[in-house]
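The next block holds one structure in the form of structure tokens; read it before the comments.
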Amino acid sequence: MSKVRRPDRTTSGRRKDRPKKRKQSFDPKTAELNDESFTSTSAKKLKIQDEKHVPEDAILQHDYDPLPSDVSSAIKSIYEELSKEEFLERFDSFVIDFFTE
């Protein structure tokens, strides 16, 4: 077994057992007059994404096939049943009882 020298163990010229010192993203000698001097990179990326504007088409058209009449009538009857006032009142009382226990 031969010994391996320390410089041969490191590939990047710095020791792996010591953390790399982080560089400051702002100049501490100057006054921070604007946000740009000390905002993070991720905040800058989010700002750029917010500034991008994608124009929307005023008229949206969908080429979906209509539902078959039997499916449509089944959905409509379920919707009407769930929209009844007595069901909504029972549901509200259930939610109140559930969260107050």
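Laid out as a table, the results:
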read-out: Straight-distance crosslink candidates among lysines, where the alpha carbon sits under 30 Å from Lys21 and sequence neighbours closer than 8 are dropped; value: Lys3, Lys29, Lys44, Lys45, Lys47
read-out: Förster radius 25 Å - calculated FRET efficiency between Asp50 and Lys20, Cβ distance, rounded to 0.05; value: 0.20
read-out: Inter-label distance, nm, simple model (7 Å from Cα along the C-beta direction), Leu82/Asp63; value: 3.1
read-out: In Hz, Karplus ³J(HN,Hα) per residue of the range 64-80 (6.51, -1.76, 1.60; θ = phi - 60°; x = Gly, Pro); value: 8, 6, x, 5, x, 5, 5, 5, 4, 5, 5, 5, 5, 5, 5, 4, 5
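Here, each number is a calculation from the coordinates, and none is a lab measurement. Fair warning: this is a prediction, and the values are worked out from it, not measured in the lab. For neighbour counting, all protein chains shown are included, and Cβ atoms are generated from backbone atoms with ideal geometry for every residue, glycine included.
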